[in-house]
Amino acid sequence: MKLIISGGGTGGHIFPAVAIANEVRRRHPEAEILFVGANGRMEMTRVPEAGYEIVGLDITGLQRRLSPQNLLFPIRVMRAVRKAGKLIEKFLPDAVVGVGGYASAPVLLAATSRGIPALIQEQNSYAGLVNKLLARRVERICVAYPGMEKFFPAEKLVLTGNPVRTEIADGQRAEALSFFGLAPDRPVVLVIGGSLGARTLNQATAAALPRLREAGVQLLWQTGKAYFPEAQQQAAPFASHNLQALEFVRRMDLAYAAADVVISRAGALSVSELCLTGKPSILVPSPNVAEDHQTKNALALVQRNAALLVTDAEAPVRLYDEAFALLADPNRLAELSRNAHQMAYPRATTTIVDELLTLIHPRKNS
């Protein structure tokens, strides 16, 4: 079995791609899996770290502002499609998976023009441009939210959820409290702005440190690399009160297990992890993403009473007012947790691979 997985640009595309590859390899250890990404993007380092080969294409997206780079865009696309075609003719995959991002477009175009079956995995509740453009060329579209027929042909849709690490929900609270040195009789707020951090969340959290200390609330604050030196200085006077600034949290299973409330951006994978762990959350969508898709991700939960939403503009004033009010309301915490859990798809990865194998096996048997 040979498989090409294409796409990337952000962790939200890369981690699902690796999860799909891992599940294929678990079932078929002999499978040959090749990733195709965009040169200069994070997949070119993250995918090899996960143990897979990757080839890079020279492809970038359209700039949202007027830019001379946009004039070169059609040329780059044609060159990337040509290179992708040569890769496909050499590798001869049984199927191609696109997870979104710049690199998935030329690979899916080249594959489908050669009659190779293709599957798209769309992580967000508002479909990405590449996936929308290629939807009619592929056989299957795996989505994380209901109602996606407004973007894609309904007959191709399979509601699977997003591939996330299921072990993220396995953390035990007692182990988590010990790991982070937290007291068992005081509430814990977890702040996660993504691996790169989030300026608004960091500024609001820094300003709230005195309030958190006075209220006896403990804090696990993932700042991101760029913000960590400043945040570390800001949190240092509060260290004895268990208000901790952390550059990056590697044991997210334990961080979720410790948390009573999570404050987070609303990226697709973050939202999926919050549902899987059943954590009450306050979502602050990033305003700096295409089509404002994080707000749409957040609203998918808010409309089912599974999370709260505070806009990025409101966060400096409202964010921690909402957090303290939520911590003081056990019934509301339980309600949000219960409703979030009901939106989880713990078998997302296996379901996606099931769909993928239905595309491959008829060809193998013909």
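Observations on the structure shown:
- The packing ranking, built from the mean of other Cβ atoms within 10 Å per residue, places the peptides 15-23, 125-133 in the order 15-23, 125-133, highest first.
- Taking only the Cα atoms of region 106-224, the ratio Rg/Rh comes out at 1.18, with Rh defined as the Kirkwood radius.
- Accessible surface, the chain, averaged per residue in Å² (probe 1.4 Å): 45 Å²
- Reachable lysines from Lys296, criterion Cα separation under 25 angstrom, eight or more residues apart if same chain: Lys132, Lys150, Lys156, Lys279
- According to the calculation over all Cα-Cα pairs in region 1-47, the P(r) per 5 Å bin from zero is 6, 23, 33, 20, 13, 5, 0 %.
- Taking region 258-366 and dividing mean pair separation by its residue count, relative contact order in percent (alpha carbons under 8 Å, at least six apart): 30 percent
- Normalised by the number of residues in region 247-286, the average gap of Cα pairs under 8 Å and 6 or more apart makes the relative contact order 43 percent.
- When you work out D = kT/(6 pi eta Rh) for the chain at 10 °C and 1.306 mPa s, using the Kirkwood radius from C-alpha pairs as Rh and the Stokes-Einstein form, the result is 74 µm²/s.
- The chain: angle of helix 315-327 to the longest principal axis, Cα-based, in degrees nearest 10: 70 degrees
- Principal-axis tilt of helix 348-365 within the chain, Cα atoms, nearest 10 degrees: 10 degrees
- Solvent exposure ordering (accessible area, 1.4 Å, most first) of Ser337, Ser113: Ser113, Ser337
- Taking the accessible area of the chain, probe 1.4 Å, and keeping the other protein chains in place, the carbon and sulfur fraction comes to 53%.
- In sequence order, calculated HN-Hα J values of region 295-305 (Karplus, 6.51, -1.76, 1.60; Hz; x Gly/Pro): 4, 5, 4, 5, 5, 4, 7, 4, 5, 10, 6
- With DNA, RNA and ligands ignored, accessible area of Asp185 (1.4 Å probe; Å², nearest 10): 130 Å²
The values are calculated or read from the model by the stated rules, or taken from the named source; none is laboratory data. Since we're looking at a predicted model, the values are computed, not measured. Cβ sites come from the backbone with ideal geometry, for glycine too, and all protein chains shown count toward neighbours. We work out accessible area using only protein heavy atoms, side chains counted, and drop any ligands, DNA or RNA first. Shrake-Rupley method; radii C 1.70, N 1.55, O 1.52, S 1.80 Å.
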